[in-house]
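Engineer: Please read through the structure below; I'll follow up with questions.
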Amino acid sequence: MSAVRSRVDDLGLGPLPTEPATGFYARVGKPALDRVGATLGLLACVPLLLLCSVAIRLEGRGSVFFRQERIGLLGRPFRVWKLRTMVPNAERLGTGLLVQQDDPRVTRVGRILRATSLDELPQLLNVVRGEMSLVGPRPTVASQVRQYDAFQRQRLRLRPGMTGLAQIRGRKSLTWEERIRLDVAYLERLSLAADLRILAGTVRVVLGAKDPPAKADYWGESARGETGEDAP
């Protein structure tokens, strides 16, 4: 823990929450749901992940997976897993951290993965490891956390989620401030029923709903919370 604390201090994130969300569900029920649900989901998705991995490798060189440091519970950093959807070293090309609509750095396979949110499936591993939750605020990067005010820092009292309230209430059509307000509202109403509704809503969004077009997103600030190689 001392090494983690030292790393948090090195990031210079400012004053952070010292206590996670309280209550029986937050402390016991939600972690149990996460571990069981993510383990079963990971096992069920192995064939799909293999298929996606083969498609990525067939399209070109580079790693199948993309990992990047994000900020988690109480400001603790961790490495998030994703399927790669952009060309290698994308952050050093074109507009850098700014991802435009129809960005040419996104590969053909990557566009399909993004449209279906299949690129997020490896984050089930983060959930199994206890770094993320099935439902919660999307993980972001240190540079964004440094800009949080006291109200916004409340979202750090929860483990980052694969999906969240903002992802079923507008996703890219919402401003960053609106997404954070929804994250805090979720924290204040945390329950099993809320998580099940959000998970069901996520399935509906992925299978049918379309996001209003966004002209551009900065990595680490978009609705899907991606940064580095893969912007939301």
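The values are calculated or read from the model by the stated rules, or taken from the named source; none is laboratory data. Worth saying up front: this structure is predicted, and the values here are computed from it rather than measured. With ideal geometry, Cβ positions are generated from the backbone for all residues, glycine too; neighbour counts draw on all protein chains shown.
Engineer: Which members of the range 181-196 meet the condition of being crowded, with 17+ Cβ neighbours inside 10 Å and in a loop (DSSP other than H, G, I, E, B)?
Structural biologist: LEU190
Engineer: If I ask for residues that are basic (Lys, Arg) and surrounded by fewer than 19 Cβ atoms within 10 Å (Cβ to Cβ), which ones from the range 54-75 would you list?
Structural biologist: Once the filter is applied, which keeps residues that are basic (Lys, Arg) and surrounded by fewer than 19 Cβ atoms within 10 Å (Cβ to Cβ), the range 54-75 yields ARG57, ARG61, ARG67.
Engineer: Cβ-Cβ below 8 Å, separation at least six or inter-chain, first residue in the range 135-148 and at positive phi, second at pLDDT below 90: which pairs?
Structural biologist: Note: no pairs meet the criteria.
Engineer: Within the range 112-165, which residues are closer than 27 Å to LEU48 by Cβ, of a type in the set (Gly, Ala, Ser) and either surrounded by fewer than 18 Cβ atoms within 10 Å (Cβ to Cβ) or touching a His at 6+ places or on another chain (Cβ under 7 Å) (or both)?
Structural biologist: Correct list: ALA115, SER117, GLY130.
Engineer: Shifting gears a bit: May I ask you to list the residues in the range 168-209 that are at pLDDT below 90, under 26 Å from ALA150 (Cβ atoms) and more than 15 Å from the chain's Cα centre (by Cα)?
Structural biologist: Once the filter is applied, which keeps residues that are at pLDDT below 90, under 26 Å from ALA150 (Cβ atoms) and more than 15 Å from the chain's Cα centre (by Cα), the range 168-209 yields ARG169, GLY170, LEU174, THR175, GLU177.
Engineer: Can I ask one more? Filter the range 54-67 down to the residues that are in a loop (DSSP other than H, G, I, E, B) and free of Cβ contacts under 8 Å to residues at least 40 places away in the same chain and list them by number.
Structural biologist: Taking the range 54-67 first, the residues in a loop (DSSP other than H, G, I, E, B) are 60-64.
Residues satisfying the conditions are ARG61, GLY62, SER63, VAL64.
Engineer: For the range 14-51, give me the residue count where each residue is within 30 Å of VAL145 (Cβ to Cβ), part of a helix (DSSP H, G or I) and among the hydrophobic types (A, V, I, L, M, F, W, C).
Structural biologist: Residues in the range 14-51 being within 30 Å of VAL145 (Cβ to Cβ), part of a helix (DSSP H, G or I) and among the hydrophobic types (A, V, I, L, M, F, W, C): 10 in total.
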